[in-house]
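Read-outs: derived from the displayed coordinates by stated rules, not from any lab. Please read these numbers as outputs of a predicted model, since none were measured by experiment. Cβ: placed from backbone, ideal geometry, glycine included. Neighbour counts: every protein chain shown.
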Protein chains: 2
Amino acid sequence: MDDQFYMKQALAEARKAAERDEVPVGAVVVCKDRIIARAHNLTETLTDVTAHAEMQAITAAASALGGKYLNECTLYVTVEPCVMCAGAIAWAQTGRLVFGTADEKRGYQRYAPQALHPKTVVVKGVMADECAALMKEFFQRKR
Amino acid sequence: MDDQFYMKQALAEARKAAERDEVPVGAVVVCKDRIIARAHNLTETLTDVTAHAEMQAITAAASALGGKYLNECTLYVTVEPCVMCAGAIAWAQTGRLVFGTADEKRGYQRYAPQALHPKTVVVKGVMADECAALMKEFFQRKR
């Protein structure tokens, strides 16, 4: 299984968010070639700004592993994490972060380029067009 | 009621964290002179890096209000928020942030000074000595 395969799973999560009229961001956490957590943005449904896909995926992955640290895991997320999520990814000492499309307005790279753990390997742009298209459709529908 | 009064309540939460052998950080959210949420760090107890005092307080306050935004609220926290929590404080459009002691290693001011919402009023150093003393005692005990 490669990064594209797992990003497709994250995209499937993002589509679930879109179906709920949530900003379509999805995430999965993979450990030793197994998906141990799947999540999508639920901020509106839960009335909770902290309910981003990544936050829920990190919490669920830690629960699945029985430990706080995700140093042997890869977090796949369809959109570049925000500052909040980058901070959580850092605290979890996440081994790899793979994201799809960049988020120039709210992404961590703009506000906190040093926010991640120095050991976290970052891969950008995996299936970026598909991830971006979902976001674009959503915001066009909203207008 | 003034900032000192509410910071004392946050300190009481921080002491609860210390009693559980958690890094002693406490938070309360105040809206129209009423405490609508209280929380303390529970990252070890919950095996969850996202369970910082501020994150839980924001989630609980939104639940109490029935809305995601805390623009009419003040978040009191004993220690300067980290990047993750600063991001959450920004998403919640928190009206005021009052913190006790600075956190030079992990505080948002070092990594993401622009992370907060531009409208959030920040007050620093309220009962800083008491807040810092709790942290210092905790880490000395750990050594």
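Sorting A:52-65, A:110-123, B:25-38 by average packing, meaning the other beta carbons within 10 Å per residue, from highest down gives A:52-65, B:25-38, A:110-123. For chain A, the dipole from Cβ point charges (+1 on Lys and Arg, -1 on Asp and Glu) about the Cα centre works out to 120 debye, to the nearest 20. Taking only the alpha carbons of the range B:1-140, we obtain Rg and Dmax values of 13.4, 41 Å in that order. Among the listed pairs B:Lys119/B:Lys142; B:Lys105/B:Lys142; B:Lys68/B:Lys105; B:Lys68/B:Lys124; A:Lys16/A:Lys105; B:Lys32/B:Lys119, those with a Cα-Cα distance over 28 Å are B:Lys119/B:Lys142; B:Lys68/B:Lys105.
Based on DSSP H segments of at least four residues, each scored -39500 (n - 2.57), chain A has a per-residue ellipticity at 222 nm of -12500 deg cm²/dmol. For the Cα trace of the range A:30-110, dividing Rg by the Kirkwood Rh returns an Rg/Rh value of 0.95. The rotation axis that maps chain B onto chain A passes nearest to the beta carbon of this chain B residue, listed with its distance in whole angstrom: B:Ala112, 2. Peptide B:87-96 shows a mean partner chain C-beta count of 5 within 10 Å per residue C-beta. The convex hull built on the alpha-carbon positions of the protein assembly as shown has an orientation-averaged projected area of 14.2 nm². Per-residue packing, averaged as other Cβ atoms within 10 Å, sorts the ranges B:90-103, A:129-142 into the order B:90-103, A:129-142, beginning with the highest. Pairwise inverse Cα distances across the range B:8-67, averaged and inverted, put the Kirkwood hydrodynamic radius at 11.3 Å.
With a Förster radius of 41 Å applied to the C-beta separation of B:Arg20 and A:Ala133, the computed FRET efficiency comes to 0.35. Over all other residues within a Cβ to Cβ distance under 11 Å of B:Arg110, the charged ones net out to -1, with Lys and Arg as +1 and Asp and Glu as -1.
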